[in-house]
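Undergrad: Starting off with a structure, shown below.
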Amino acid sequence: RAALGGGWRQLAGTLAELRRYPLTLLFLAGFLLYNDGIQTVITQASVFGSAELGMDQTTLIGAILLVQVLAVFGALLLGRLAQSFGAKRTILGSLVAWTATVGAGYFLPAGQPLWFFALAAAIGMVLGGSQALSRSLFSQLVPAGKESEYFALYEISDRGTSWLGPLVFGIVFQLTGSYRDAIISLVVFFVLGFALLWRVPVRRAMLAVGNTPPERI
């Protein structure tokens, strides 16, 4: 019990300190939005595929495996792009790709597994990289020596907002009766996340917490 109380006190202290770094807080808010969109797409894709597109279980399992395999290659690809263009620009590009992918999902024809696999491939290529680069960039926006504290907050905040995407998805489906409308509604998370991340001057945010910015950010 004492350890639990100490953990909550440390979390409260981290939250209080975070207010001194509004640019880091802005990045975290953007991440929570677009990551919630990512997580909701992943969790609801099988529902969309089966209920709206009429895909059978074999196709759904194959698509899930394809996402997992390509996520590894996608992470490597986005990592290479980040070396050339910087992490922030690469993440922003991945959010554009997420928006386009979700938008394309709205128009997928029912009963055609090939197009569903193409959608799964697109998701896989941006899934791993967008999340890995976000964690990497966040690590440079926190004070040196306090990474564990801030990443604990990062994880708790992530879990604390993970209900928002499914809620929006469910409400839109209840209102329209269409999984296509429900899936396209998730675009708002990527658009808002993009807008917040765009407003973060990453170099200044790194300097604000006492870190030295790399050549490309």
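Undergrad: If Lys and Arg each add +1 and Asp and Glu each add -1, what is the summed charge of the other residues whose beta carbon sits under 15 Å from the beta carbon of Leu207? Can you show the working numbers first?
TA: Numbers: positive: Arg20, Lys88, Arg203, Arg204; negative: Glu215.
Residues close to Leu207 contribute a combined charge of +3.
Undergrad: Sort 182-195, 160-173 by packing, meaning the average of other beta carbons within 10 Å per residue, with the highest value first. List each step's numbers first, then the result.
TA: Details: 182-195: 20.6, 160-173: 16.1.
Peptide ranking by packing, descending: 182-195, 160-173.
Undergrad: Counting other C-beta atoms within 10 Å, and keeping those with at most 16, which DSSP coil chymotrypsin sites (Phe, Trp or Tyr not before Pro) do you find in region 67-152?
TA: Working: sites: Phe73, Phe85, Trp98, Tyr106, Phe107, Trp115, Phe116, Phe117, Phe138, Tyr150, Phe151; in loops: Phe107.
Sparse-neighbourhood loop chymotrypsin sites (Phe, Trp or Tyr not before Pro): Phe107.
Undergrad: Enter the angle in degrees (range 0 to 90, nearest 10) between the Cα long axis of helix 22-47 and the first principal axis of the Cα atoms of the chain, meaning the one along which they spread out most.
TA: Helix 22-47 sits roughly 20 degrees off the main axis of the chain.
Undergrad: I've got another one for you. Region 145-208 to region 60-82: how many Å between their Cα centroids?
TA: If you average the Cα positions of each part, the centres end up 20 Å apart.
Undergrad: Hey, could you grab the Kirkwood Rh for region 152-214? Inverse mean 1/r over distinct alpha carbon pairs, Å, one decimal. Walk me through the numbers before you get to the answer.
TA: Numbers: mean 1/r = 0.0702 Å⁻¹.
Every distinct Cα pair counted, the radius reaches 14.2 Å.
Undergrad: Which three extents, in whole angstrom, do the alpha-carbon atoms of region 37-76 cover along their principal axes, largest first?
TA: 33, 23, 11
Undergrad: Then there is this: May I ask for the Rg/Rh ratio of the chain, computed from Cα atoms with Rh as the Kirkwood radius, given to two decimals?
TA: Ratio of gyration radius to Kirkwood radius for the chain: 1.01.
Undergrad: In whole Å, what are the extents of region 5-116 along the principal axes defined by its C-alpha atoms, from largest to smallest?
TA: 53, 40, 23
Undergrad: Additional query: Tell me, what is the per residue accessible area of region 51-194 in Å², probe radius 1.4 Å?
TA: Details: 6950 Å² over 144 residues.
Roughly 48 Å² per residue, with all protein chains present.
Undergrad: Cα convex hull of region 105-188: mean projected area in nm², to one decimal? Intermediate results must be reported in sequence, preceding the final value.
TA: Details: hull surface 27.7 nm².
One quarter of the hull surface, i.e. the mean projection, equals 6.9 nm².
Undergrad: Of all the accessible heavy-atom surface of the chain, with the other protein chains kept in place and a 1.4 Å probe, what percent is carbon and sulfur?
TA: Heavy-atom surface of the chain belonging to carbon and sulfur, 1.4 Å probe: 66 percent.
The values are calculated or read from the model by the stated rules, or taken from the named source; none is laboratory data. Since the model is a prediction, treat every value here as computed from it, not as a measurement. Virtual Cβ from ideal backbone geometry, glycine too; neighbours counted across all protein chains shown. Keep in mind that these areas ignore ligands, DNA and RNA; they rest on the heavy atoms of the full protein, side chains included. Shrake-Rupley method; radii C 1.70, N 1.55, O 1.52, S 1.80 Å.
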